[in-house]
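Following: one structure in structure tokens, then a few remarks.
The values are calculated or read from the model by the stated rules, or taken from the named source; none is laboratory data. Computed from a predicted model, the values in this text were never measured in an experiment. Note that we place each Cβ from the backbone using ideal geometry, even for glycine, and neighbour counts take in every protein chain shown. To get the accessible areas, we keep the full protein, side chains included, count just its heavy atoms, and leave off ligands, DNA and RNA. Shrake-Rupley method; radii C 1.70, N 1.55, O 1.52, S 1.80 Å.
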Amino acid sequence: ASAWAGVANRVLAAKPGGVVRRTVEAATGVSSVRLLAPFARQRFSTWFAKRPKVRITRRRARVAVFPTCLVEYQEPVIGHALVKVYERNGIECCVPEGARCCGAPYLHSGDIERFADVARRNVAVLAQCVREGMDVVVPQATCGYVLRQEYPLHVGGAPADLVAAHTFDAVEYLMTLHQSGAALDTD
């Protein structure tokens, strides 16, 4: 929908329960009265790949940014700000190729099989990032919780435990650095 954000957002903004939204419900199964967030014109990962590369002269850490669906599709400016603050503080960022939705919508609707499939794919990608010396940073609390608590329960094994042990909320990660004695640039 990001590629067609103008059209998609007009459809999503149509009157809840109206003809347009009932048609969308018939085609997709999404309730015609559900409030839906608009889509950004450019996804976070697209912005990240196209942005000018920043040279970090005094690197303190490397992180894999797990953008979450909200940041990837609806509010990429949250991710932009996170990357800018991190890089200003000497934290090199990457967005791991192949990391997708955390799977919470499947888990919360009881589709454990689909959740476990998503979780296994994400664990494989994120565990590799951790093995390469990165921590995983998540800008949304629900998704961070899913990676830390639900992946070990539903996927299990050393890779899921490794991902859980190295996953942090975006602010939690900064506070961990600060408490370790790293002076943060707060300007």
Among what's in segment 84-103 and is among the hydrophobic types (A, V, I, L, M, F, W, C) and out of contact with any helix residue (DSSP H, G or I) (no Cβ under 7 Å at 6 or more places or on another chain), pick the residue that is farthest from Ala124 (Cα to Cα).
Val85
Consider only pairs whose beta carbons are under 9 Å apart and that are at least six residues apart or on different chains; among these, list those whose first residue lies in segment 26-45 and is over 30 Å from Cys93 (Cα atoms) and among the hydroxyl-bearing types (Ser, Thr, Tyr) and whose second residue is open to solvent by 60 Å² or more (accessible area, probe 1.4 Å) and assigned to a helix (DSSP H, G or I).
Ser31/Glu25; Ser32/Val20; Ser32/Arg22; Ser32/Thr23; Ser32/Glu25; Ser32/Ala26
Looking only at residues in segment 1-34 that are touching a Lys or Arg at 6+ places or on another chain (Cβ under 7 Å) and among the polar types (S, T, N, Q), which one is farthest from Gln74 (Cα to Cα)?
Ser32
Which numbered condition in (1) open to solvent by less than 50 Å² (accessible area, probe 1.4 Å); (2) under 22 Å from Lys84 (Cβ atoms); (3) without any contact (Cβ under 8 Å) to a residue 24 or more places away in the chain is the only one that Gly18 fails?
(2)
Collect the residues in segment 64-90 that are over 10 Å from the mean Cα position of the chain (by Cα), open to solvent by less than 40 Å² (accessible area, probe 1.4 Å) and charged (D, E, K, R), keeping them in residue-number order.
Glu87
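Kindly evaluate Glu172 against the criterion of being farther than 27 Å from Ala40 by Cα, open to solvent by 40 Å² or more (accessible area, probe 1.4 Å) and part of a helix (DSSP H, G or I). If you could, list the steps in order and put the result at the bottom.
On the way: farther than 27 Å from Ala40 by Cα: no; open to solvent by 40 Å² or more (accessible area, probe 1.4 Å): yes; part of a helix (DSSP H, G or I): yes.
Taking the combined requirement at face value, the residue does not satisfy it.
Can you work out which of the residues in segment 47-59 that are in a helix (DSSP H, G or I) and in contact (Cβ under 8 Å) with a residue 12 or more places away in the chain is least open to solvent (accessible area, probe 1.4 Å)?
Within segment 47-59, the subset in a helix (DSSP H, G or I) is 47-50.
Still in the running and in contact (Cβ under 8 Å) with a residue 12 or more places away in the chain: 47-49.
Numbers: Trp47: 44, Phe48: 23, Ala49: 71 Å².
Among those that are in a helix (DSSP H, G or I) and in contact (Cβ under 8 Å) with a residue 12 or more places away in the chain, it is Phe48.
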With the requirement that a residue be open to solvent by 30 Å² or more (accessible area, probe 1.4 Å) and within 18 Å of Thr142 (Cα to Cα), what does segment 96-106 give you?
Arg100, Cys101, Pro105, Tyr106
Go through (1) assigned to a loop (DSSP other than H, G, I, E, B); (2) touching a residue at least 40 places away in the same chain (Cβ under 8 Å) and name the single condition Gly98 misses.
(2)
Can you tell me which residues in segment 21-36 are loosely packed, with under 15 Cβ neighbours inside 10 Å and either at positive phi or part of a helix (DSSP H, G or I) (or both)?
Thr23, Ala26, Ala27, Thr28, Gly29
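Report yes if Glu113 is at pLDDT 95 or above and either open to solvent by less than 50 Å² (accessible area, probe 1.4 Å) or within 13 Å of Thr68 (Cβ to Cβ) (or both), otherwise no. Before you say what the answer is, go through the steps one by one.
Values: at pLDDT 95 or above: yes; either open to solvent by less than 50 Å² (accessible area, probe 1.4 Å) or within 13 Å of Thr68 (Cβ to Cβ) (or both): no.
No.
Being surrounded by 19 or more Cβ atoms within 10 Å (Cβ to Cβ), outside any helix (DSSP H, G or I) and either at pLDDT below 95 or of a type outside the set (Gly, Ala, Ser) (or both) narrows it down to one residue among Cys129, Cys93; which is it? Spell out the reasoning first.
On the way: Cys129 fails: outside any helix (DSSP H, G or I).
Criteria check complete, one pass: Cys93.
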State whether one or more residues within segment 148-157 are open to solvent by less than 70 Å² (accessible area, probe 1.4 Å), more than 17 Å from Ala61 (Cβ to Cβ) and in contact with a Cys (Cβ under 8 Å, 6 or more places away or on another chain).
no
